[in-house]
1. Just a yes or no: is a residue in region 205-228 modelled with pLDDT under 80 and within 22 Å of residue 102 (Cα to Cα)?
2. Scan region 564-584 for residues that are touching a Leu at 6+ places or on another chain (Cβ under 9 Å) and part of a loop (DSSP other than H, G, I, E, B) and report the count.
3. Filter region 336-350 down to the residues that are assigned to a loop (DSSP other than H, G, I, E, B) and more than 12 Å from the chain's Cα centre (by Cα), then identify the one that is surrounded by the fewest Cβ atoms within 10 Å (Cβ to Cβ).
4. Give the residue that is surrounded by the most Cβ atoms within 10 Å (Cβ to Cβ), with candidates limited to residues of region 529-556 that are among the acidic types (Asp, Glu) and farther than 26 Å from residue 328 by Cα.
5. Take the residues in region 270-294 that are exposed (fewer than 12 other Cβ atoms within 10 Å of the Cβ) and not small (Gly, Ala, Ser), then tell me which one is modelled with the highest pLDDT.
6. Search region 236-258 for residues being in a loop (DSSP other than H, G, I, E, B) and free of Cβ contacts under 8 Å to residues at least 60 places away in the same chain, and hand back the single one that is farthest from residue 224 (Cα to Cα).
7. Checking the structure you have, find out if any residue of region 422-437 is in the same structural domain as residue 313 (by TED's automatic domain parsing), hydrophobic (A, V, I, L, M, F, W, C) and outside any helix (DSSP H, G or I).
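The values are calculated or read from the model by the stated rules, or taken from the named source; none is laboratory data. These numbers were taken from a predicted model, which means no experiment stands behind them. Virtual Cβ from ideal backbone geometry, glycine too; neighbours counted across all protein chains shown.
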Amino acid sequence: MPEDTPPDHKAPHRDRLIESIYRIALEPQTYDSFMGEWDSYIGAQMAQLASLESQDLTQATALSHPEVLAHFKIAAQLLDHVGRPLVETGKPQSNAGRDLQILIDSHGRIAWSTGAAAYLFNLKQGARIDRLAVADGQLAALKRMTFALQGKQGDHAKHSPVLLQITTANSKDVIHMVARIVPDQASEDVIIITKVAPDWPPAMPRLLREGFALSPAEIEICEQIADGQSSAGIATLRGNAVATVRTHFKRIMAKTHCKAQPELVQLLHSVMRVADQDTSGLRRHWSKADRISAISLPERTMPVEHFGDPMGYPVVFFHGMLNGNAMTSRMREELKRHNLRLICPVRPYFGNAAGSPGPALTAPDRFGRDVARLIDELGLKKPIFLGHMAGILYAYAAANAQPKGRIPAILSVSGGVPIISRDQFASMSRRQRLVAYTARYTPAILPFVLRAGISQIDNGGERQFLHSLYENAPDDLPLIADPEIRDLIFSGYRFSVQQGPKAFEIDSFNAVQDWSALVDGSEVPIRMLMGETDPVISVSSVRDFTAKRAERVSLEVLQGAGQLILFSDPDRIIREICALRDGG
């Protein structure tokens, strides 16, 4: 066979793959089966190629056969109809009713808002609070709070909450919210406006699924009903027709045997009290930041989450592609005990963060400039950079954007190295390897693969998704049985895919490029911690990476540890940060 001739695609691997492509669009829980067929298909093609490194173009051609790509395209359209549609940044998601936040500065301007709040209330960054559709008396009370920020009122008035009734821009529904002043000893105080709503306990989905056989969509609608949303409001939040929401509502009423909506609301609140007492459920409050602020950037704002001592030594945390900024209770305690301030900027397309238009390849450099703006605005003195998993790539880029000597050290925890060789791909666990192959050789297919995984998560498959990631990681697998760690990881999944696959797509693409120039673009010392059984990055590849940079990079391989070091051994991470802070 000539070197540039694609292998035969009339093989049974192709037929099974095509069948699994369509099945996953309609049955999200078959994602693992699809990934198995995709693995077999890739393996069959690679078996006919002599060298992955020397035949990148041939490999990409083999995997990107037009017939196969056409089936992926059709299946993606099916996902649009039966699963989560592609997200238009800024519009609210299905759970957005619980995610309404607005930050007001001391000048009475909107400093930042979540995408859902901006959409529902038609808000623009920098607009004055007069833009909020509230009653005159409530607006006057809100303005008095801004005067309090300027020191024109006493401490008692400064910290008194104000209840607001804000009318939405499109549906004209009224949403009940509360405004509070959030004091910050390290920077300017702000007013945060959040939705008045009962906390939806983490155990609720399980209780409703097992007790009433409710579907994931019906459970989401129950959450919004408990929030007091109308059918029209729920339709707006979910992007559904009102008739669709009413159909779901009728099914919920039938399954719960409730005769009227007040009876359903009463039932939901009763179950919520039961769920609050369920200590075996996931405890979502572990993943919440101590404080949230925002940094103004050209044409957008960047959310920033804060943990630890607000006056402590600054550490800028760069989250990975699936873990988010969630911290264990032990990590929180150690941060405060050692007077450390963890500052966690949210990268574009993650969580509620607005996008940063531009090529995926330059995303790290763009974020590096964002972090430079953050350091200037917060006046941080010699902050240490902490890069976690794929976030380390962005930490290196951010170090390049800083003047020499401003960043004393970079700590890499389970951080990656450029994944570009056949041996590196081969050493990865199957799930990560398949995503990496797809990102490198068939990027056109990557959005479908990622969206299919998101569909599995959306449809109650978080545990299955998690187990598939760590099934071949002997030191990580026992950890995910811990309720706190499992909850933090699930929280990270929701954070990563809240706006769809865009963030994951950008990170997956960059992970398999040769980004070593980012590492070598500064002289900042690097300390690397990795687990001996990390399922993504092999110890040998990291040792090769550090050997080439021995004058500024030190590595410690932790025995009996995998990828989840940040969650399993926070004491060790804190000791490393303190040693770097103290010049050790």
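1. Within region 205-228, one or more residues are modelled with pLDDT under 80 and within 22 Å of residue 102 (Cα to Cα).
2. Summing the residues that are touching a Leu at 6+ places or on another chain (Cβ under 9 Å) and part of a loop (DSSP other than H, G, I, E, B) in region 564-584 gives 2.
3. If we filter region 336-350 for residues that are assigned to a loop (DSSP other than H, G, I, E, B), which is where we start, we get 338-339, 346-350.
Imposing the further condition that a residue be more than 12 Å from the chain's Cα centre (by Cα) reduces the set to 338-339.
On the way: 338: 16, 339: 13.
Across region 336-350, the extreme among qualifying residues is 339.
4. Applying the first criterion (among the acidic types (Asp, Glu)) to region 529-556 yields 532, 534, 544, 551, 556.
Of the ones still in play, those that are also farther than 26 Å from residue 328 by Cα are 544, 551.
On the way: 544: 13, 551: 7.
So the residue we want is 544.
5. Here is the first cut: in region 270-294, the ones exposed (fewer than 12 other Cβ atoms within 10 Å of the Cβ) are 270, 273, 277, 279-280, 285.
Next cut, not small (Gly, Ala, Ser) only: 273, 277, 279, 285.
Values: 273: 81, 277: 65, 279: 45, 285: 37.
Taking the candidates together, the pick is 273.
6. Within region 236-258, the first condition is being in a loop (DSSP other than H, G, I, E, B), and the residues that meet it are 239-241, 257-258.
When the remaining residues are screened for being free of Cβ contacts under 8 Å to residues at least 60 places away in the same chain, the result is 240-241, 257-258.
Values: 240: 14, 241: 15, 257: 19, 258: 17 Å.
Of everything passing the filter in region 236-258, 257 is farthest from residue 224 (Cα to Cα).
7. There is no residue in region 422-437 that is in the same structural domain as residue 313 (by TED's automatic domain parsing), hydrophobic (A, V, I, L, M, F, W, C) and outside any helix (DSSP H, G or I).
Matching residues to (1) of a type outside the set (Asp, Glu); (2) surrounded by fewer than 19 Cβ atoms within 10 Å (Cβ to Cβ); (3) touching a residue at least 60 places away in the same chain (Cβ under 8 Å); (4) in a strand (DSSP E or B):
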{"site": "303", "(1), (2), (3), (4)": "yes, no, yes, yes"}
{"site": "307", "(1), (2), (3), (4)": "yes, no, no, yes"}
{"site": "310", "(1), (2), (3), (4)": "yes, yes, yes, no"}
{"site": "315", "(1), (2), (3), (4)": "yes, no, yes, yes"}
{"site": "321", "(1), (2), (3), (4)": "yes, no, yes, no"}
{"site": "325", "(1), (2), (3), (4)": "yes, no, yes, no"}
{"site": "331", "(1), (2), (3), (4)": "yes, no, yes, no"}
{"site": "334", "(1), (2), (3), (4)": "no, no, yes, no"}
